1. Can you compute 3J(HN,Hα) from phi for each residue in segment 102-107, using the Karplus curve 6.51 cos²θ - 1.76 cosθ + 1.60 with θ = phi - 60°, rounded to whole Hz and x for Gly and Pro?
2. I'd like the accessible area for ARG95: 1.4 Å probe, protein heavy atoms, all chains in place, Å² to the nearest 10.
3. Just to verify a number: what accessible area does SER99 come out at with the full protein assembly present, 1.4 Å probe, Å² rounded to tens?
4. Let me have the relative contact order for segment 1-132, percent, based on Cα pairs under 8 Å that are six or more residues apart.
5. Using a 1.4 Å probe on the protein chains only, how many percent of the accessible area of segment 9-145 belongs to carbon and sulfur?
6. Given points 7 Å out from each Cα along the Cα-Cβ axis, report the GLU27 to GLU85 separation in nanometres with one decimal.
7. Express the accessible area of the chain per residue in Å², computed with a 1.4 Å probe while the remaining protein chains stay in the model.
8. Could you tell me how many cubic angstrom of Cα convex hull volume the chain has per residue?
Amino acid sequence: MRYTINQIREGEDELILNYRQLNPEVEKVIAFMDQNQKKMIGRVDGETILFSPEEILYIEKVDGRTFAYTVDRVVQVDLSLSTAELILEDVSFFRCSKSMIVNVNKVEKLKSLPSNRIDATMKGGEHIMISRTYASEFRRLLKGE
């Protein structure tokens, strides 16, 4: 696939995709373009906010409530983890335990641990455990399989 990039001095940014036939490569480009348009709704300090999925480091279910963690805030979202997975399936999110989904693009370091678990260090320095149930699938994802 070839592409052309042009910088403009004024006007609105615009992406144009020309394709002959829909294929996996084109679908990935479309998914990437769509992900920047998605917004999620949540609550912080009693206020309703809109935020982008790309801001999320991970999503966790705690005491029956679901929270999205970013570098600088914790946002309560009214979604189950399964629903969040469906919404974020074309963005780089991965179920890493029964109670957590991690943004693969926000992982900075990985360390293998005993019992086939993985310690993932996120941007901002927070550590996330990838359980042994999901570790082999995570390794396959990183290898591009």
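The values are calculated or read from the model by the stated rules, or taken from the named source; none is laboratory data. Because the structure is predicted, anything quoted here is derived from the model rather than measured. Neighbour counts run over all protein chains shown; Cβ positions are idealised from the backbone, glycine included. Just so you know, the surface numbers come from the protein's heavy atoms only, side chains and all, with ligands and any DNA or RNA stripped out. Shrake-Rupley method; radii C 1.70, N 1.55, O 1.52, S 1.80 Å.
1. 10, 7, 4, 5, 9, 7
2. 40 Å²
3. 40 Å²
4. 15 percent
5. On the way: 4350 of 9300 Å².
The nonpolar share, carbon plus sulfur, comes to 47 percent.
6. Taking the simple label geometry, GLU27 and GLU85 are separated by 1.9 nm.
7. 72 Å²
8. Spread over its residues, the Cα hull of the chain gives 161 Å³ apiece.
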